[in-house]
There are 2 protein chains.
Amino acid sequence: MTPADIDTVRSALGWRYATKKFDPQLRIPAAHWQTLLDSLRLAPSSFGLQPWKFIVIDDPALRQTLREHSWNQPQITDADRMVVLTARSDLNQGEIDHWIDFLADSQGTPRDAFDGLHKLLSGFVAGMDRHRRHDWSVRQTYLALGQLMTTAAMLGIDTCPLEGIDPDAYDDVLGLTESGFATAAVCTLGYRASDDKYAAAPKVRYPAEQVIETR
Amino acid sequence: MTPADIDTVRSALGWRYATKKFDPQLRIPAAHWQTLLDSLRLAPSSFGLQPWKFIVIDDPALRQTLREHSWNQPQITDADRMVVLTARSDLNQGEIDHWIDFLADSQGTPRDAFDGLHKLLSGFVAGMDRHRRHDWSVRQTYLALGQLMTTAAMLGIDTCPLEGIDPDAYDDVLGLTESGFATAAVCTLGYRASDDKYAAAPKVRYPAEQVIETR
């Protein structure tokens, strides 16, 4: 693997910002979009469980409806792409069994070889109530969101993550209520408008000594 | 900003895996390590609130103690670097006031200009109980973890995130109990050992059609 140039990486980290105004004319090239979808699919998750589903919203009318449940934020309709990141609302024993079967099949390994992992995961899930299991799934989904946003920045693609949405309304509109998944967050992706005043604003962060300690 | 080459990005996403065995001899170069710290400090968070503190553990004896609270996983002592990602355990009104003051100072803007945001954030925090505020902070911290891991992969640096730790014991050992922060997760960073058998194992992921839907 040939790593990316360090200056490129540094500059992408500084270049990224939460885009408030997208240029509605600009489209993400197909190969780049595929790479962004891959960054979600290949995202790390604890035990590899992938407790998520990513819903890409292409339909303009659906975008408009969702915008009404998103404090009317224009990114929802103006960004080239929009992904609703949903997390498992009830990660349960059935999903653990399914994952172990899938793992054994994928690796062509007898299922017995995974007995220890199966027991570990079963205990892990049994040790959490439904609320905590959902929470845990949401955390993993935020990790995937981080991978998506950082990958986009490396490719010179702008993003705006949105928590300012009504997740229950999203679940309702998207028919997720009985699906086992619930809306966790949204990410819009595309290219900043040339007049987005936030693009030029300096990034405001606490000084390193306040957020990073060394022991 | 000159974006990274798409093939480089694609290959980094596939190259990354949760490294089980690090080469304890190999060191991350200083400029790369600084870039990884920057990826944490510059990570996105909702409202820019940065509800986190990142604790780098350099002391070998402290690493050994923490390993005992981490199911004895060798990455804790063998990886070149280790970061404990902690999240605010009680994001409260005082922190909101502090953030708004800091924002106004940083941008050289009168504090009055942020009255709307101050009211919004105060309502946001007041609307959650302590448990949910902590949870919310942990989610943001996982986003930062995602940015860290993806940035590392782009730079050709291996990582292993660890949830399999005893967070209460970590808080105790690190003296975090009264600090307003609590251990959320750990990330170890360095370079894979040439005989880590997991490096060659195919990445097991559900097929795209199971985790990505288009509407």
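To the nearest 20 debye, what is the magnitude of the charge dipole of chain B about its Cα centre, counting +1 on the Cβ of each Lys and Arg and -1 on the Cβ of each Asp and Glu?
Magnitude of the dipole: close to 620 debye.
Going down the table (A:Lys53/A:Lys119; B:Lys21/B:Lys203; B:Lys20/B:Lys203), which pairs top 19 Å between alpha carbons?
Pairs exceeding 19 Å: A:Lys53/A:Lys119.
Using a Förster distance of 51 angstrom, determine the FRET efficiency expected from the C-beta separation of B:Gln25 and B:Gln210, and round it to 0.05.
So the FRET efficiency works out to roughly 0.80.
Quick check: from the Cα gyration tensor, does the stretch B:83-164 come out rounded (a/c under 1.5), prolate or oblate?
oblate
What is the distance, in nm, between label points placed 7 Å from the Cα along the Cα-to-Cβ direction at A:Lys119 and at B:Ala169?
For A:Lys119 paired with B:Ala169, the spin-label model returns 2.0 nm.
Can you give the calculated 222 nm mean residue ellipticity of the protein assembly as shown, where each DSSP H run of n ≥ 4 adds -39,500 (n - 2.57) and the sum is split over every residue, rounded to the nearest 500 deg cm²/dmol?
Using -39500 (n - 2.57) per qualifying helix, the result is -14000 deg cm²/dmol.
Say a label goes 7 Å from Cα toward Cβ at A:Arg132 in every copy; what distances in nm does this one have to the rest, shortest first?
The projected label point of A:Arg132 is separated from its counterparts by 2.0 nm.
What per residue convex hull volume, in Å³, comes out for the protein assembly as shown when only alpha-carbon positions are used? Mind showing how you got there, number by number?
On the way: hull volume 60.9 nm³, N = 430.
Normalising the Cα hull of the protein assembly as shown by residue number yields 142 Å³.
Need one number: convex hull volume per residue for chain B, Cα atoms only, in Å³. Numbers along the way, then the final one.
Values: hull volume 40.0 nm³, N = 215.
In chain B, the Cα convex hull volume per residue is 186 Å³.
Which angle from 0 to 90°, rounded to the nearest 10, does the C-alpha axis of helix A:30-41 make with the longest principal axis of chain A?
Value to nearest ten degrees: 40.
Normalising by the residue count of chain B, find the relative contact order in percent from Cα pairs under 8 Å and 6+ residues apart.
36 percent
Along Cα-to-Cβ, 7 Å out, sits the label point; list in nm, shortest first, how far the one on B:Pro202 is from those in the other copies.
Counterpart label points of B:Pro202 in the remaining copies fall at 5.2 nm.
In nm, to one decimal, how far is the modelled label at B:Ala200 from the one at A:Asp58, with both set 7 Å along Cα→Cβ?
Label at B:Ala200, label at A:Asp58, 4.0 nm between them.
Relative to the longest principal axis of the C-alpha atoms of chain A, give the angle of the C-alpha long axis of helix A:6-15, reported between 0 and 90° and rounded to the nearest 10°.
The two axes meet at around 70 degrees.
With the dipole of the stretch B:23-194 worked out from charges on the C-beta (+1 for Lys and Arg, -1 for Asp and Glu) around the Cα centre, which of B:Thr65, B:Pro44, B:His134 lies farthest toward the positive end?
So the residue furthest toward the plus end is B:Pro44.
Compute the angle between helix A:93-107 and the longest alpha-carbon principal axis of chain A, please, reported from 0 to 90 degrees and rounded to the nearest 10.
Long axis of A:93-107 versus the principal axis of chain A: about 90 degrees.
Quick check on the stretch A:5-96: take the gyration tensor over C-alpha atoms, sort the square-rooted eigenvalues as a ≥ b ≥ c, and tell me if it's rounded (a/c under 1.5), prolate or oblate.
Numbers: a/c = 2.07, a/b = 1.16, b/c = 1.78.
Since a/c reaches 1.5 but b/c is at least a/b, the shape of the stretch A:5-96 is classed as oblate.
For label points placed 7 Å from Cα toward Cβ, what is the shortest-first list of nm distances from B:Ala30 to its copies?
Here B:Ala30 shows inter-copy label distances of 4.8 nm.
On the rotation axis linking copies B and A, which residue of B comes nearest by its Cβ, and by how many whole Å?
Residue with the nearest Cβ, plus whole-Å distance, for chain B: B:Gly146, 1.
No value in this document is a laboratory result; all are computed from the given coordinates. As the structure is a prediction and not an experimental result, all values here were calculated from the model. FYI the Cβ positions are ideal-geometry reconstructions off the backbone, even for glycines, and counts take in every protein chain you see.
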